[in-house]
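Chemist: The structure is given below, and queries will be raised subsequently.
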Amino acid sequence: MSDRNRKGDIMAKAATNDEKNAKTLSGLPESAEPRRHYDIYAVLEAPQELYFGDEKEVNINIVEKVRVATAKGVVEKCYIAPSKRRGVERRCLLWSDAGGRLLMDKLQCGIPNTCCRDDCPVCAVFGGLIAGEKTFIGRLTHGGGVAVAPEIALEKQRAMHPALIAKEKDDPPMPYRKEYAQPGLLYPISNHLLSVTQMEFGAAAYAFLLSLHRLGAGNPKGLGFARAAWNGRSEPVEPLLVVDSYRVPLGERPLVSPSITDNQDAVHRFVRLAETYKKDSDEEAFQRRLGTEALEFLQSCAAEFEKRVLRTDS
Ligand SMILES: [Zn+2]
C-alpha cells in the first residue's frame with residue numbers, strides 16, 4: 001500500500017470514529033461546574049376548590065381522576081397529572097419578564113417551537129425538539145400528583161360555557177356544570193433533575209416555585225405547601241418539602257403511596273421517609289435539605305437565575 005493510500009485509509013477510519021462519537025456523545029457542552037442530580041419532593045395542599053380537567057361529558061367538565069386500590073377497596077382520587085405541572089412550569093419561565101420583553105421573546109424559544117440552542121436555560125433542563133433536525137433530551141422529569149383523600153369532586157353550576165360566549169349574543173345563556181376537586185386535598189409530588197449544574201437547577205427551582213401560584217385550569221388556581229413539624233416535634237411547623245442534591249442516592253425517597261387515604265398517615269410517612277438518609281456521608285455525595293432550609297435553598301437558586309438570566313441583556 002502506498003503512503004498516500006495508507007494515509008487515506010487512516011483518515012477514512014478517523015472519519016468513521018467521529019461519526020460514531022457524534023452518535024454516542026450526549027451533545028451537551030462540557031461544564032466547568034460539577035453536575036449533580038437534584039430531587040424536589042413536596043406535599044402540596046389546595047387552599048380552595050380546584051379544577052384540573054381532562055374530559056368533558058354532556059354539559060359537565062370533569063376533573064381528572066385515577067382509580068386506586070386501597071384497604072377500603074377501589075376508590076377514585078383527584079389527580080394533578082405530572083405533564084400538567086411540567087407545562088405550567090415551562091410557561092412560567094417563558095412568560096417571565098426579561099428587561100421589558102418576555103423571556104420567550106428574548107430567547108426566541110417557545111412552545112411548541114423550542115429553540116434547542118446550547119445556551120438556552122429553558123431547553124437545557126426541559127429539553128426541546130426541532131422536527132427532523134435536533135432533539136434536546138430533557139433532564140427534568142415530574143412525578144406524583146395523586147391526591148391522598150378520596151374526596152369526591154364538587155359539582156357547581158356556571159352561567160355559561162366559555163365556548164358559547166363567542167356565539168350569538170341573543171341566545172339564552174346555557175347553564176353548565178363543572179366538577180371541582182375539594183379544598184384541603186393533599187397532593188404528594190416530585191421533580192427530578194438528572195446531571196445538571198447548580199446554575200441549570202436555578203431555572204427548575206424558579207419554575208417550580210412560580211408554578212405553585214398558577215396550577216389549575218380556570219379559576220380559582222394555586223397550591224401551597226402542606227405544613228407539619230419535623231423530628232416528631234409539635235413546633236415549629238415547616239413546609240413539607242425536601243430537596244436533595246447528590247452524586248449517589250443515599251436517602252429514602254419521601255414518596256407517599258397512592259393506596260394511603262388518610263392525610264395524617266400520609267404526612268407522617270412523608271416526614272419519616274424524609275428523615276431517613278445517610279447523615280454522615282460527605283455533602284458532595286449526598287445532601288438533603290428539609291422544610292424551611294429546603295425552601296430557602298430553592299429560593300436562593302431561583303434568585304440567582306433571575307439575576308443571571310432575566311436581569312441581564314445578554
Ligand atoms: Zn430554548
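Just so you know, all these numbers are worked out from the coordinates, no wet-lab data involved. Values in this document were obtained by computation on a predicted structure and should not be read as measured data. Neighbour counts are summed over all protein chains in view; Cβ atoms, including those assigned to glycine, are modelled from backbone coordinates with ideal geometry.
Chemist: Restricting to DSSP H runs of at least four residues, report the calculated mean residue ellipticity at 222 nm for the chain, -39500 (n - 2.57) per run over all residues, nearest 500 deg cm²/dmol.
Modeler: -9000 deg cm²/dmol
Chemist: Counting other C-beta atoms within 10 Å, which of Ile60, Ile80 has the fewest, and how do the rest follow?
Modeler: If I rank by nearby Cβ atoms, fewest first, I get Ile60, Ile80.
Chemist: Hey, in the GNM for the chain with a 10 angstrom Cα cutoff, which one of Ala81, Ala204, Ala71 fluctuates hardest?
Modeler: Ala71
Chemist: Where in the chain is the longest stretch that carries no GluC sites (Glu not before Pro) classed as loop by DSSP and with at most 10 other Cβ atoms within 10 Å?
Modeler: Maximal segment without exposed cleavage sites: 169-282.
Chemist: Please identify, among Ala207, Ala69, Ala294, the residue showing maximal mean-square fluctuation in a Gaussian network model of the chain using a 10 angstrom Cα cutoff.
Modeler: Answer for the Gaussian network model of the chain: Ala69.
Chemist: Then there's this: Using the structure shown, select from Lys56/Lys156; Lys65/Lys156; Lys106/Lys307; Lys72/Lys178 the pairs with a Cα to Cα distance greater than 24 angstrom.
Modeler: Listed pairs above 24 Å: Lys72/Lys178.
Chemist: Same structure again: In whole Hz, with x marking every Gly and Pro, tabulate ³J(HN,Hα) for the stretch 66-74 from phi via Karplus 6.51 cos²θ - 1.76 cosθ + 1.60, θ = phi - 60°.
Modeler: Result, ordered by residue: 10, 9, 10, 7, 10, 4, 8, x, 7 Hz.
Chemist: Quick check on the exposure proxy: order Val74, Val68 from fewest to most C-beta atoms within 10 angstrom.
Modeler: Least to most surrounded, the residues fall as Val74, Val68.
Chemist: Sticking with this one: Quick one: which residues, 5+ away or cross-chain, put their amide H under 5 Å from the amide H of Gly144? H built at 1.01 Å from N.
Modeler: Placed amide hydrogens put Ser190 under 5 Å from Gly144.
Chemist: Short version: ³J(HN,Hα) in whole Hz for each residue of the stretch 111-116, in order, from phi by Karplus 6.51 cos²θ - 1.76 cosθ + 1.60 (θ = phi - 60°), x for Gly and Pro, what are they?
Modeler: Here the 3J(HN,Hα) series is 10, x, 7, 6, 8, 6 Hz.
Chemist: For the chain, what is the Kirkwood estimate of the hydrodynamic radius, computed as the reciprocal of the mean inverse distance between distinct Cα atoms, to one decimal in Å?
Modeler: Kirkwood radius, the chain: 22.2 Å.
Chemist: Build a GNM of the chain with springs between Cα atoms under 10 Å: which of Val43, Val75, Val271 gets the top mean-square fluctuation?
Modeler: Val75
Chemist: Let me ask something else. Provide Lys56, Lys72, Lys84 in ascending order of the number of other Cβ atoms located within 10 Å of each residue's Cβ, fewest first.
Modeler: Going from least to most buried by this count: Lys72, Lys56, Lys84.
Chemist: Right, another one. With +1 on the Cβ of every Lys and Arg and -1 on the Cβ of every Asp and Glu, and nothing else charged, how large is the dipole of the chain about its Cα centre, in debye rounded to the nearest 20?
Modeler: Values: 44 positive and 43 negative charges, 114 e Å.
About 540 debye.
Chemist: Which Cys residues of the chain have no other Cys Cβ less than 4.7 Å away and so no disulfide-compatible partner by this rule?
Modeler: If one checks each Cβ against the other cysteines of the chain, Cys78, Cys92, Cys116, Cys301 turn up with nothing under 4.7 Å.
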